[in-house]
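Q: I have a structure here, written as C-alpha cells, and I will follow up with some questions on it.
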Amino acid sequence: MAEIIVVTSGKGGVGKTTSSAAIGTGLALKGFKTVLIDFDVGLRNLDLIMGCERRVVYDFVNVINKEATLNQALIRDKRTENLYILPASQTRDKDALSVEGVETVLNELAESFDYIVCDSPAGIEKGAQLALYFADTAIVVTNPEVSSVRDSDRILGVLQSKSRKAEQGGTVKEHLLLTRYNPARVDAGEMLSVEDVKEILAIPLLGVVPESEAVLKASNQGVPVILDADSDAGKAYDDAIARFLGEDREHRFLNVERKGFLSRVFGRKG
Amino acid sequence: MGILNYFRSNKQTSASVAKERLQVLVAYERNQRTQPDYLPQMQQEILAVIAKYVDVSTEDIQINLDEDCSILELNVTLPEKG
Ligand SMILES: Nc1ncnc2c1ncn2[C@@H]1O[C@H](COP(=O)(O)OP(=O)(O)O)[C@@H](O)[C@H]1O
Ligand SMILES: [Mg+2]
C-alpha cells in the first residue's frame with residue numbers, strides 16, 4: 001500500500017513545488033518507488049522544476065478521461081531511479097479533475113508505488129481540497145511571514161474537516177516544513193522565528209529550509225535542489241527526508257553562519 | 001545583554017508584533033471553524049435587536065458559544081453615560 005503525501009500551504013509562492021520535487025526525489029533516493037503528481041491544473045510547473053518539461057506527452061487529465069493509460073502518461077525521471085512524474089494538464093477547465101477520477105488514478109498508482117507525492121495548487125478551495133482529499137500525510141509548507149502562517153492554519157482546518165481521513169473519523173498526519181528561513185533577519189527581530197511558527201501552528205516540525213541561492217540555480221537548470229548535495233537547501237531537504245523516515249536529526253541552518261575572517265574580507269556569499 | 005539589545009528590548013520588534021497579531025487571529029479563526037453554521041446569522045440578529053435600544057457598534061458586542069455548545073455568552077460594552 002502506498003502512502004499518499006500532500007504538499008500544501010494555502011498561500012501561493014511559498015515553495016510547495018520546490019519542496020515536492022525535493023521530497024519526491026529524496027524518497028526515491030532512499031530506494032522507495034515514488035511518483036510525483038502535479039495537481040496544479042492550468043499552471044503546471046513541477047515538470048519544469050524536475051527538468052522533464054520536454055518529455056510531457058500525456059497528463060493527469062488525459063488519464064482521468066481515459067485518453068491515455070497511466071503508463072503512457074508517467075514520465076520516468078532520467079536522473080533518479082525509482083522516480084516518476086505525472087504532469088498536470090494545461091487545460092483552463094478548472095473542473096477537469098473529479099474526486100472519482102483522482103481516486104481511480106491514485107488506486108492504480110497505489111498498487112505499484114511506495115509513495116505518492118501530491119503537489120497542491122495554492123488556495124483553500126476546490127483544487128487544493130482535491131489535492132489533499134486522499135492524503136494520509138500532509139506536509140504544510142510555510143514561510144515565516146504573517147499571511148503564510150495564517151493560510152497554513154486555514155489549510156490545517158481543511159485537512160481536519162474536509163479530507164477523506166477526517167470524514168471517516170481519522171486524522172491526516174501533519175508536518176510543518178518552514179521554508180525561505182532567514183536566520184539573520186530572525187536575529188534582527190524582523191522575521192518570525194521557528195519557535196514562533198511552531199507555537200502558533202502547533203504541529204510537529206519536519207524541517208527548516210533556509211532562504212537559499214541554490215534554489216533559483218536548481219530551478220534554472222531543472223534539477224531538484226536536493227541533488228545539489230553541497231548546498232544549504234539541499235542538505236536541509238535531505239535532513240527533512242531522513243526525519244520523515246524516522247531518523248532523529250538535529251535541525252541545521254537555524255543560526256547565522258559565523259563567517260571566517262577571509263570570507264568576510266572577500267565577501268563570498270555561501 | 002549588549003547595549004543594542006537593551007535599546008531593542010524597549011521597543012517591540014516587528015517579528016514580535018507579527019507573532020502577537022497571528023496568535024489573536026489564529027485563535028479567533030479556529031474558534032470560528034468549530035462554531036455551528038447558524039452562529040453568524042444569530043449574532044447578526046441579536047446585534048440588530050440590541051442596536052435598536054442601545055447605541056452600540058459591532059465591536060461592542062461579543063457573542064461566544066463554548067465548545068460543546070452548552071453555554072452562550074453575550075458581552076455588551078455599553079456606551080458611557082454622557
Ligand atoms: N528556500 C528557498 N530559497 C530561495 N527561494 C526559494 C526557496 N523556496 C522557494 N523559493 C522560490 O520561491 C518561488 C516559489 O516557489 P514554488 O516552489 O514555485 O512555490 P509554490 O509551489 O508554493 O507556488 C520560486 O521562485 C522558488 O525558486
Ligand atoms: Mg507550485
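Q: Which residues, counting only those in region A:180-229, are within 16 Å of ligand 2 (Cβ to nearest atom) and touching a Pro at 6+ places or on another chain (Cβ under 8 Å)? It would help to see each step written out before you state the result.
A: If we filter region A:180-229 for residues that are within 16 Å of ligand 2 (Cβ to nearest atom), which is where we start, we get A:180, A:209, A:215-216, A:218-219, A:222, A:224-225.
Matches in region A:180-229: A:Arg180, A:Ala218.
Q: For residues in region B:24-59 being away from chain A (no Cβ under 14 Å) and under 30 Å from A:Glu199 (Cα atoms), which is surrounded by the most Cβ atoms within 10 Å (Cβ to Cβ)? Reasoning before the result, please.
A: If we filter region B:24-59 for residues that are away from chain A (no Cβ under 14 Å), which is where we start, we get B:38-59.
If we keep only those that are under 30 Å from A:Glu199 (Cα atoms) too, we end up with B:39-40, B:59.
Values: B:Leu39: 15, B:Pro40: 12, B:Glu59: 7.
Restricting to residues being away from chain A (no Cβ under 14 Å) and under 30 Å from A:Glu199 (Cα atoms), the top hit is B:Leu39.
Q: Of all the residues that make up region A:230-258, how many are out of contact with any helix residue (DSSP H, G or I) (no Cβ under 7 Å at 6 or more places or on another chain), not basic (Lys, Arg) and not in a helix (DSSP H, G or I)?
A: The total comes to 8.
Q: Does A:Glu167 count as closer than 22 Å to A:Glu100 by Cβ and modelled with pLDDT under 95?
A: Here the answer is no, as A:Glu167 does not meet what is asked.
Q: Which of the following residues is among the hydroxyl-bearing types (Ser, Thr, Tyr), within 14 Å of chain B (Cβ to nearest Cβ) and touching a Gly at 6+ places or on another chain (Cβ under 7 Å): A:Ser148, A:Ser152?
A: Checking each option against the conditions leaves just A:Ser152.
Q: Looking at (1) more than 12 Å from ligand 2 (Cβ to nearest atom); (2) within 18 Å of A:Ile139 (Cα to Cα); (3) crowded, with 24+ Cβ neighbours inside 10 Å; (4) not acidic (Asp, Glu), which is the only condition A:Phe39 fails?
A: Evaluating A:Phe39 over (1) more than 12 Å from ligand 2 (Cβ to nearest atom); (2) within 18 Å of A:Ile139 (Cα to Cα); (3) crowded, with 24+ Cβ neighbours inside 10 Å; (4) not acidic (Asp, Glu) leaves (1) as the failure.
Q: Residues of region A:1-42 being more than 21 Å from A:Phe134 (Cβ to Cβ), away from chain B (no Cβ under 14 Å) and near ligand 1 (Cβ under 9 Å from one of its atoms), which ones?
A: Within region A:1-42, A:Gly12, A:Gly13, A:Val14, A:Gly15, A:Thr18 meet the criteria.
Q: List the residue pairs whose Cβ atoms are under 9 Å apart, where the first residue sits in region A:213-238 and is touching a residue at least 40 places away in the same chain (Cβ under 8 Å) and within 14 Å of chain B (Cβ to nearest Cβ), the second is within 16 Å of ligand 2 (Cβ to nearest atom) and in a helix (DSSP H, G or I), and the two are 6 or more positions apart or on different chains.
A: Correct list of pairs: empty, since none qualify.
Q: Let me confirm something: among A:Arg54, A:Arg79, which residue is more than 16 Å from ligand 1 (Cβ to nearest atom), of a type in the set (Lys, Arg) and in a loop (DSSP other than H, G, I, E, B)? Reasoning before the result, please.
A: On the way: A:Arg54 fails: in a loop (DSSP other than H, G, I, E, B).
Unique residue meeting the criteria: A:Arg79.
Q: Within region B:3-18, restricting attention to residues that are of a type in the set (A, V, I, L, M) and at pLDDT 95 or above, which residue is nearest to A:Val186 (Cα to Cα)?
A: To start, the set of residues in region B:3-18 that are of a type in the set (A, V, I, L, M) comprises B:3-4, B:15, B:17-18.
Narrowing further to those that are at pLDDT 95 or above: B:15, B:17-18.
Numbers: B:Ala15: 8, B:Val17: 13, B:Ala18: 12 Å.
Residue satisfying both the conditions and the ranking: B:Ala15.
Q: hydroxyl-bearing (Ser, Thr, Tyr) and under 18 Å from A:Thr17 (Cα atoms), is that true of A:Ser120?
A: For A:Ser120, the condition - hydroxyl-bearing (Ser, Thr, Tyr) and under 18 Å from A:Thr17 (Cα atoms) - is met.
Q: Looking at A:Ile200, A:Ile139 in this structure, which one is more than 11 Å from chain B (Cβ to nearest Cβ) and touching a residue at least 40 places away in the same chain (Cβ under 8 Å)?
A: The unique qualifying residue is A:Ile139.
The values are calculated or read from the model by the stated rules, or taken from the named source; none is laboratory data. Owing to the predicted nature of the structure, the values given are computational and were not obtained by experimental measurement. Reconstructed Cβ throughout: ideal geometry from the backbone, glycine too, with neighbour counts over all protein chains shown.
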